[in-house]
Amino acid sequence: MPSRLEEELAKATGLENPTEAYKKILDNIKQLSTPNTVAADLIKIADSVLEGGGGIVFTRSVLSQFIDTLKSFENHPDLWIEVGQHAVDAIAGNNSLATSLLEQSAALRDLIAAAHEANEDFLDAAKALAEIPLDSSQRRVSDAAKASIWVRIVRNYLEVDDSTAAETYLNKLKNVMHTVDNPELQLHFKLSAARIQDSKRQFLAAAQSYHDISFTSAIAEEERLHTLGMAIKCAILAPAGPPRSRVLGRLYKDERSTGLEEYGILEKMFLDRLLAPAEVEKFAQGLAPHQLATTSDGSTVLAKAVVEHNLLGASRLYSNIGFDALGLLLGLDGDKAEDTTAKMIEQGRLTGSVDQIDRIIYFENREASGEKGSGRAEVLVGKEMRRWDSNVQAVAEDVERLADALQAEFPEFVASQIAV
């Protein structure tokens with residue numbers, strides 16, 4: 001025995017102009033169906049519309065209301081996916097309708113993607129959005145609409161840590177964002193770019209991007225502080241050197257930083273103070289998995305950043321230090337400490353020289369420029385001789401100033417003590 005819905009569909013298909021009849025069925029779907037059969041009933045309606053041969057005007061009109069009806073079943077993402085995917089497949093399988101129903105097909109895919117996002121199936125959501133036709137000559141899509149779709153794709157890929165796929169769509173966004181006058185889309189674009197830089201371990205660029213976003217008034221104060229915290233984390237993980245010092249300076253001088261949990265380690269980093277293992281371990285607890293990943297040399301990003309920072313700190317405390325003593329300070333063996341120092345000097349992130357014969361590192365008391373090769377010290381003998389001469393001159397000048405002060409204050413005493 002046919003159901004009430006099937007009876008109504010049979011009546012509608014027999015009419016010369018069935019549009020209003022189908023729309024009435026859709027309006028009354030919740031009375032004609034039950035929660036257990038609604039998915040199957042909606043699929044029957046979709047098949048009837050797409051296979052009935054009612055003409056493109058009829059099909060577009062009824063299918064648009066069909067999509068609105070499907071949306072009305074709020075908080076039923078599985079229903080959206082099941083029915084929506086069936087309708088999309090049916091449209092794609094009908095060559096005579098596929099090119100004429102691009103708008104409806106796009107709306108269905110958008111609905112399917114929203115359902116996957118609600119279910120936290122972010123990869124499936126990204127794939128559904130990627131299938132929406134945006135460059136077809138038969139469907140004009142504004143740059144703002146394209147950006148809206150691509151931003152969602154980027155964010156969904158980032159949720160599953162697929163920064164490579166996310167960057168593909170971010171590059172598409174770069175070509176259109178200059179034409180988009182939508183503050184929310186611009187914010188999501190900037191935040192996505194920062195997250196991709198972060199996930200690709202471009203920590204210095206990510207820190208600057210996060211910090212810029214933290215000043216945006218379009219987001220809540222709590223979110224701005226969270227973004228500032230992300231900027232601090234990325235700055236700390238960045239390779240030690242002049243560029244990072246400048247970024248640390250900006251963050252340290254930001255008055256909002258003092259109220260964040262990361263401020264303690266930020267202050268020590270900025271002031272080139274040595275970091276204790278307990279402080280580093282506590283900081284690591286707040287990092288994301290990719291920020292704790294192992295690098296090619298077997299160390300973590302954080303461990304490498306801390307070693308380089310402590311090496312900079314040591315260069316402020318010592319004029320020279322042996323390989324083994326430096327290794328003890330950094331938690332490395334002597335050879336590894338020497339290798340790390342040599343790399344930083346070569347990259348222009350530290351100034352000094354390495355005496356491999358005597359196994360001593362000499363630090364220069366000047367700032368590195370950050371340019372490759374600029375960290376090498378001058379010839380050691382000449383430098384030490386000039387430093388010695390400068391120290392002797394300073395002592396002589398101090399003695400002379402002291403004698404002049406005594407002469408002015410106690411002339412008789414000085415006269416009695418000086419042999420002529």
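The values are calculated or read from the model by the stated rules, or taken from the named source; none is laboratory data. None of the values given here were measured: they were computed from a predicted structure. For neighbour counting, all protein chains shown are included, and Cβ atoms are generated from backbone atoms with ideal geometry for every residue, glycine included. Heads up: the accessible areas ignore ligands, DNA and RNA and are worked out on the full protein's heavy atoms, side chains in. Shrake-Rupley method; radii C 1.70, N 1.55, O 1.52, S 1.80 Å.
Inside region 295-362, counting only helices (runs of 4 or more DSSP H) that do not spill past its ends, which hold 2 or more residues that are basic (Lys, Arg)?
301-317, 334-346
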Can you find even one residue in region 29-45 that is closer than 18 Å to Glu103 by Cβ and either at pLDDT 85 or above or in a loop (DSSP other than H, G, I, E, B) (or both)?
no
If a residue must be open to solvent by 50 Å² or more (accessible area, probe 1.4 Å) and under 20 Å from Ser136 (Cα atoms), how many such residues does region 108-119 contain?
1
Per the filter on region 16-63, residues polar (S, T, N, Q), open to solvent by less than 20 Å² (accessible area, probe 1.4 Å) and closer than 14 Å to Glu6 by Cα are Ser33
Considering only region 195-244, state which residues are open to solvent by 10 Å² or more (accessible area, probe 1.4 Å) and among the acidic types (Asp, Glu).
Asp212, Glu221, Glu222, Glu223
Quick check on region 317-342: of everything there that is touching a residue at least 24 places away in the same chain (Cβ under 8 Å), open to solvent by less than 60 Å² (accessible area, probe 1.4 Å) and over 35 Å from the mean Cα position of the chain (by Cα), which residue is nearest to Asn365 (Cα to Cα)?
Ile321
So Asp78 ticks every box in (1) assigned to a loop (DSSP other than H, G, I, E, B); (2) among the charged types (D, E, K, R); (3) at pLDDT 90 or above but one. Which box is left unticked?
(1)
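Is it true that some residue in region 128-142 is under 22 Å from Ile81 (Cβ atoms), assigned to a helix (DSSP H, G or I) and in contact with a Phe, Trp or Tyr (Cβ under 7 Å, 6 or more places away or on another chain)? Working first, answer last.
Initially, region 128-142 is screened for residues under 22 Å from Ile81 (Cβ atoms), giving 128-134.
Keeping just the survivors that are assigned to a helix (DSSP H, G or I) gives 128-130.
If we keep only those that are in contact with a Phe, Trp or Tyr (Cβ under 7 Å, 6 or more places away or on another chain) as well, we get none.
Taking every residue of region 128-142 in turn, none turns out to be under 22 Å from Ile81 (Cβ atoms), assigned to a helix (DSSP H, G or I) and in contact with a Phe, Trp or Tyr (Cβ under 7 Å, 6 or more places away or on another chain).
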With the requirement that a residue be open to solvent by 40 Å² or more (accessible area, probe 1.4 Å) and part of a helix (DSSP H, G or I), what does region 146-162 give you?
Ser148, Arg152, Arg155, Glu159
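Does Ser105 fit the bill of being closer than 19 Å to Arg139 by Cα, open to solvent by less than 40 Å² (accessible area, probe 1.4 Å) and not in a helix (DSSP H, G or I)?
Here the answer is no, as Ser105 does not meet what is asked.
So which residues in region 163-181 are β-branched (Val, Ile, Thr), open to solvent by 60 Å² or more (accessible area, probe 1.4 Å) and under 28 Å from Ser100 (Cβ atoms), if there are any at all?
Once the filter is applied, which keeps residues that are β-branched (Val, Ile, Thr), open to solvent by 60 Å² or more (accessible area, probe 1.4 Å) and under 28 Å from Ser100 (Cβ atoms), region 163-181 yields nothing.
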Consider only pairs whose beta carbons are under 7 Å apart and that are at least six residues apart or on different chains; among these, list those whose first residue lies in region 263-290 and is within 23 Å of Pro243 (Cα to Cα) and whose second residue is of a type in the set (Phe, Trp, Tyr) and modelled with pLDDT of 85 or more.
Ile265/Phe283; Leu266/Tyr252; Glu267/Tyr252; Phe270/Tyr252
Cross-chain or 6+ apart pairs with Cβ under 6 Å, region 346-368 first and farther than 23 Å from Pro243 by Cβ and at pLDDT 85 or above, then hydroxyl-bearing (Ser, Thr, Tyr) and open to solvent by 90 Å² or more (accessible area, probe 1.4 Å):
none
Quick check on region 13-26: of everything there that is without any contact (Cβ under 8 Å) to a residue 24 or more places away in the chain and part of a helix (DSSP H, G or I), which residue is nearest to Phe73 (Cα to Cα)?
Ile25
Pair list, Cβ < 9 Å and 6+ apart or interchain, from region 294-307 residues that are closer than 18 Å to Leu274 by Cβ and modelled with pLDDT of 85 or more to residues that are outside any loop (DSSP other than H, G, I, E, B) and hydroxyl-bearing (Ser, Thr, Tyr):
Lys304/Thr340; Val307/Thr340
Looking across region 85-96 at residues that are farther than 15 Å from Ile29 by Cβ and open to solvent by less than 20 Å² (accessible area, probe 1.4 Å), the single one that is modelled with the highest pLDDT is Val88
